[in-house]
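Enquirer: Sharing a structure below in structure tokens format, with a few things to ask.
Derivation of every value follows stated rules applied to the coordinates shown; laboratory data play no part. Not measured: the values here are computed from a predicted model. A quick note on method: Cβ atoms are made from the backbone with ideal geometry, for glycine too, and the neighbour counts reach across all protein chains shown.
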Amino acid sequence: MLGRDVEKCMRDLDESIECCQQWKEICNKIQRRIMARSSKAGWDKDDGIFAENEAFIQRCRDLKEICEGQLQFAQRGASCQMPIFGGTKGKEWALSLEDLKKMFDKYLEGIKKLDYDILDVKITVWHDDYGQMFKDHVKNIEIIYTTIISKTFNHVSTIEDAVEMLENFYQLAKRPSIIEFVQKKAAEQVYQLFIAEMKEVEDTFENSYKKRPVMPLSHPHYAGMAIWIHSLICRIDRAKYAIDGMYFVPNHPSKEEAEAKYKKLKESLDSYIQTGCFKDWTTPIEHIFTEQKEIDFALGRFILVKTTDEMLKE
């Protein structure tokens, strides 16, 4: 348990817990049959015989929590591997997690130095050694760990980076409380970043009514505006594609709100290209040509055509 093969130890502990629970169930079943069929009065069910059994189950759970701590904070296990954190502060986050590992190992050393059999449930001093020397300290480490997770999202520049950061911490999450934090509170931060991204795109689009956005001189007036709006659509599409990749966050409360805002904004941008820009482009033509067939003929003419031999002769 205190070495490298932590995952095997967890499987052994789970089997021990299951064995104790099955033994208790078998004993209860036999007791019920005896009470139902015995001709002698005075047979009472006594749950006191399971006291040590229940104590051993709890001891196994305590030891399993130590194993989970090693997987979570010390990355000891076959499935544990420190991911690469991107961005300018990626190295800083990795060093912060490394500091937590050293802190955890310091408190784990106290468990290693205990001079009694930790599986002996009759040794009650374990509750003080485990509770005061280890468990309370691990809770403090966990608080620091979740604080680090929250801070990382303050330094991401794109939604893609935020999703990648969240996935990194999901791969590192081993303790149930950390997994829950990643899937709920940390994921909430990512969804809020996505919603903020769409709000920024919406504000940028609305400001284009007041001041025409900067674009290449080679772009035509109306077509250039349509290309610019299409770039905004591509921007929110990339963010939405990244959000859809959060397979490890099932049914988050903010998902429905975020998708509704995305759908509404994209429909608004598409509609402006298909109606607003196109109408602004065709309106001046209606003042030049009086009949629709003349407009259709003018719009159907090619601006650029491939030269032919006849055209060169002329």
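Enquirer: At a 10 angstrom cut-off on C-beta neighbours, averaged per residue, how do the peptides 109-119, 190-200 rank from highest to lowest?
Expert: Most protected by this proxy first, the peptides run 190-200, 109-119.
Enquirer: Taking each pair of distinct Cα atoms in the chain once, what is the resulting Kirkwood hydrodynamic radius in Å?
Expert: About 26.0 Å, per the Kirkwood formula over Cα pairs.
Enquirer: Now for a different question. Using the Kirkwood formula on the Cα atoms of segment 158-285, what hydrodynamic radius do you get, in angstrom to one decimal?
Expert: When all Cα pairs of segment 158-285 are included, the Kirkwood radius is 16.4 Å.
Enquirer: So which DSSP H runs in the chain come out at 18 Å plus along the axis (Cα) with average Kyte-Doolittle of at least -0.5?
Expert: Helix filter hits for the chain: 136-152, 159-172, 187-207, 221-244.
Enquirer: Moving to a separate point now. Express in nm, to one decimal, how much length is gained between K293 and R11 on full extension, taking 0.36 nm for each residue of separation and deducting their alpha carbon distance.
Expert: Gain in length upon complete extension: 93.6 nm.
Enquirer: Let me ask something else. What FRET efficiency comes out for H221 versus K264 if R0 is 45 angstrom and r is the Cβ-Cβ distance? Round to the nearest 0.05.
Expert: 0.95
Enquirer: Using the 10 angstrom Cβ neighbour count as an exposure proxy, how do S268, S157, S254 rank, fewest first?
Expert: With the fewest neighbours first, S268, S157, S254 line up as S157, S268, S254.
Enquirer: Hey, another quick one. Over every pair of different alpha-carbon atoms in segment 87-243, take the mean of 1/r and invert it; report that Kirkwood radius in Å.
Expert: So the Kirkwood estimate lands at 19.6 Å.
Enquirer: While we're here: Which order, highest average first, do 63-72, 166-175 follow once you tally other Cβ atoms within 10 Å for each residue and take the mean per peptide?
Expert: Averaged packing, sorted descending, gives the order 63-72, 166-175.
Enquirer: Would you grab the residues whose amide H sits under 5 Å from the one on V121? Only those 5+ places off in sequence or on another chain, please, with H modelled 1.01 Å from N.
Expert: Residues meeting the amide H criterion: none.
Enquirer: While we're looking at this one, here's another question. Hey, what did the chain get for relative contact order, percent, Cα under 8 Å, at least 6 apart?
Expert: Computed over the chain, the figure is 15 percent.
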